[in-house]
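Student: There's a structure below that I have some questions on.
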Amino acid sequence: MKKVTKAVIPAAGLGTRFLPATKAMPKEMLPIVDTPTLQYIIEEVIGSGIEDVLIITGRGKKAIEDHFDKSYELETELEKSGKYEMLQEVQKISRMINLHYVRQHEARGLGDAIYCAKSFVGDEHFAVLLGDDIVDAEKPCLKQMLEVYEEYGASVLGVQTVPEADVSKYGIIAGEQISDRVYRVHKMVEKPKLADAPSRVAVLGRYIITPEIFDHIKNTPPGAGGEIQLTDALQSLAQEQAMYAYDFVGRRYDVGNKLGFLEATVEFALKREDLRDAFLAYLKRIVKNTP
Ligand code: G1P
C-alpha cells in the first residue's frame, strides 16, 4: 500500500458567514488568538507527516499565498531591531511545507473544488482537510486517520456523533460499526433533514480518499444547495469500493460558524501560557458581572 504524501485544502469559499470581515480578507486568514485558522490546519498536516499540500484558492485569496511566503522586508526589519524570537516565528511559517496552489474559477461546490486537485493528486490516495474544522488533539486528527488507512487500505472519513439539532449541517453516514472507533460506510447523505438522516454520525472535514473519486465527481450532478457535493461523489464511490469512517479523538471546533469561532478563540487563549492567567481572571470577572 502506498503512503499518503499529499493533502488538499479547499480555500476558495466566499466566507459569507463572516461578512463583513471576509469582504476583502480570506476567511482562512481569520486569526484564532494570533494565528490564522489555515495555519492550524497546515500544522496538523505537518504533524501527520505529509509533505505536499495543494491549496485550492480563488479570487481575493492572495493573502494566503503571502502569509506562507518569505517576507524579506519584515524579516530585515525584525533582524535590525533585534526581535529574534518573532523573526524565527515568521521564518518558520515560510519554511513549513511544500505548498502548491490552484484556483477554482467559480464557487460550484466542494466536489468541484476537489476536482481541481486531479492532476496534483495523480494516481495516489490523498488527504482532504476542510478549513472550517479545527481539531485540537494530542495525536493530530489526520495522523489518527492515516493509521486507520494503513490498516484498511481504503478511503477513510473522519467522523464524530453530533447532536440531533446539528445533523442537517453535515454529511451523514450510514454504516455498521466494525470496531471501537471504525465504521464500514454503506451510505452517505449531504445535509439531510433530521427525519431523513440515517444516523447522527457526521463527517467533520477530514478525508482520506482514493483517486477514483475524480471519475465519480465528474459524473456527480449538482446536489444540496445546487452545488457539486463531495458527499454525493463519495456515496457513489462507496458503492464500488470499501469505505470506512473513523471516530477521531479530539475536540473539534466549527470555526466557520461564529459561535464555534468564539469557542475556539476562548479555549485556545486559555491554553496559552502567556495569556491564561490574565484571561481567565478577566473571564471570571465578566461572567460574574453579566446578568
Ligand atoms: C462540508 C461538507 C459536509 C461536511 C462539512 C464538515 O459542508 O459538504 O459534508 O460534513 O463540510 O464541516 P460545509 O460546512 O462546507 O457546508
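The values are calculated or read from the model by the stated rules, or taken from the named source; none is laboratory data. Treat the numbers as computed from the prediction; the structure is a model and nothing was measured. Please note: Cβ atoms are built from the backbone with ideal geometry, for glycine as well, and neighbour counts cover all protein chains shown.
Student: Looking at 50, 56, 42, 46, can you tell me which residue is under 25 Å from residue 125 (Cα atoms), touching a residue at least 12 places away in the same chain (Cβ under 8 Å) and out of contact with any strand residue (DSSP E or B) (no Cβ under 7 Å at 6 or more places or on another chain)? Spell out the reasoning first.
Tutor: Numbers: 50 fails: out of contact with any strand residue (DSSP E or B) (no Cβ under 7 Å at 6 or more places or on another chain); 56 fails: out of contact with any strand residue (DSSP E or B) (no Cβ under 7 Å at 6 or more places or on another chain); 42 fails: out of contact with any strand residue (DSSP E or B) (no Cβ under 7 Å at 6 or more places or on another chain).
Of the residues listed, the single one that is under 25 Å from residue 125 (Cα atoms), touching a residue at least 12 places away in the same chain (Cβ under 8 Å) and out of contact with any strand residue (DSSP E or B) (no Cβ under 7 Å at 6 or more places or on another chain) is 46.
Student: Do we have any residue at all in the stretch 162-172 that's of a type in the set (A, V, I, L, M, F, W, C) and within 18 Å of the chain's Cα centre (by Cα)? Spell out the reasoning first.
Tutor: From the stretch 162-172, those of a type in the set (A, V, I, L, M, F, W, C) are 162, 165, 167, 172; that's our starting set.
After this cut, where a residue has to be within 18 Å of the chain's Cα centre (by Cα) as well, the list is 162, 172.
There is at least one residue in the stretch 162-172 that is of a type in the set (A, V, I, L, M, F, W, C) and within 18 Å of the chain's Cα centre (by Cα).
Student: Scan the stretch 182-238 for residues that are within 21 Å of residue 161 (Cα to Cα), touching a Pro at 6+ places or on another chain (Cβ under 7 Å) and not charged (D, E, K, R) and report the count.
Tutor: Here the count works out to 1.
Student: Same structure again: Does residue 179 fit the bill of being at negative phi, assigned to a helix (DSSP H, G or I) and either more than 21 Å from the chain's Cα centre (by Cα) or within 12 Å of the ligand (Cβ to nearest atom) (or both)? Before the answer, list the steps.
Tutor: Numbers: at negative phi: yes; assigned to a helix (DSSP H, G or I): no; either more than 21 Å from the chain's Cα centre (by Cα) or within 12 Å of the ligand (Cβ to nearest atom) (or both): yes.
Criteria not met by residue 179.
Student: Sticking with this one: Going by the conditions given, is residue 196 surrounded by fewer than 22 Cβ atoms within 10 Å (Cβ to Cβ) and either under 23 Å from residue 253 (Cβ atoms) or in contact (Cβ under 8 Å) with a residue 60 or more places away in the chain (or both)? Break it down into steps so the answer makes sense when it comes.
Tutor: Values: surrounded by fewer than 22 Cβ atoms within 10 Å (Cβ to Cβ): yes; either under 23 Å from residue 253 (Cβ atoms) or in contact (Cβ under 8 Å) with a residue 60 or more places away in the chain (or both): no.
Here the answer is no, as residue 196 does not meet what is asked.
Student: Also, quick follow-up: Quick one: which of 93, 41 is over 17 Å from the mean Cα position of the chain (by Cα), aliphatic (A, V, I, L, M) and part of a helix (DSSP H, G or I)? Even if it seems obvious, please write down each step before you answer.
Tutor: Numbers: 41 fails: over 17 Å from the mean Cα position of the chain (by Cα).
Testing whether each residue is over 17 Å from the mean Cα position of the chain (by Cα), aliphatic (A, V, I, L, M) and part of a helix (DSSP H, G or I) leaves just 93.
Student: May I ask you to say which residue of 233, 224, 281 is of a type in the set (Gly, Ala, Ser) and more than 17 Å from residue 112 (Cβ to Cβ)? So that I can check it myself, show each step before the final result.
Tutor: Numbers: 233 fails: more than 17 Å from residue 112 (Cβ to Cβ); 224 fails: more than 17 Å from residue 112 (Cβ to Cβ).
Testing whether each residue is of a type in the set (Gly, Ala, Ser) and more than 17 Å from residue 112 (Cβ to Cβ) leaves just 281.
One line per residue, one yes/no per condition, for (1) over 25 Å from residue 124 (Cα atoms); (2) of a type in the set (S, T, N, Q):
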{"position": "186", "(1), (2)": "no, no"}
{"position": "223", "(1), (2)": "yes, no"}
{"position": "231", "(1), (2)": "no, yes"}
{"position": "241", "(1), (2)": "no, yes"}
{"position": "246", "(1), (2)": "no, no"}
{"position": "251", "(1), (2)": "yes, no"}
{"position": "256", "(1), (2)": "yes, no"}
{"position": "260", "(1), (2)": "yes, no"}
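Student: Hey, another quick one. Exactly one of these conditions fails for residue 21: (1) out of contact with any Leu (no Cβ under 9 Å at 6 or more places or on another chain); (2) exposed (fewer than 15 other Cβ atoms within 10 Å of the Cβ); (3) of a type outside the set (Ser, Thr, Tyr); (4) more than 24 Å from residue 122 (Cβ to Cβ). Give me its number.
Tutor: (1)
Student: Now a separate question. When residues of the stretch 63-89 are filtered for being of a type in the set (A, V, I, L, M, F, W, C), outside any loop (DSSP other than H, G, I, E, B) and within 25 Å of residue 24 (Cβ to Cβ), how many remain?
Tutor: First, pick out the residues of the stretch 63-89 that are of a type in the set (A, V, I, L, M, F, W, C): 63-64, 68, 74, 78, 86-87.
Imposing the further condition that a residue be outside any loop (DSSP other than H, G, I, E, B) reduces the set to 63-64, 74, 78, 86-87.
Pick out the ones that are also within 25 Å of residue 24 (Cβ to Cβ) and you get 63-64, 74.
Summing the residues that are of a type in the set (A, V, I, L, M, F, W, C), outside any loop (DSSP other than H, G, I, E, B) and within 25 Å of residue 24 (Cβ to Cβ) in the stretch 63-89 gives 3.
Student: Okay, next question. For the stretch 225-256, what are the residues that are over 30 Å from residue 31 (Cα atoms), surrounded by fewer than 20 Cβ atoms within 10 Å (Cβ to Cβ) and more than 13 Å from the ligand (Cβ to nearest atom)?
Tutor: Passing the criteria: 236, 239, 240, 241, 242.
Student: Specify which of the listed residues (222, 211) is modelled with pLDDT under 95, assigned to a loop (DSSP other than H, G, I, E, B) and surrounded by fewer than 16 Cβ atoms within 10 Å (Cβ to Cβ).
Tutor: 222
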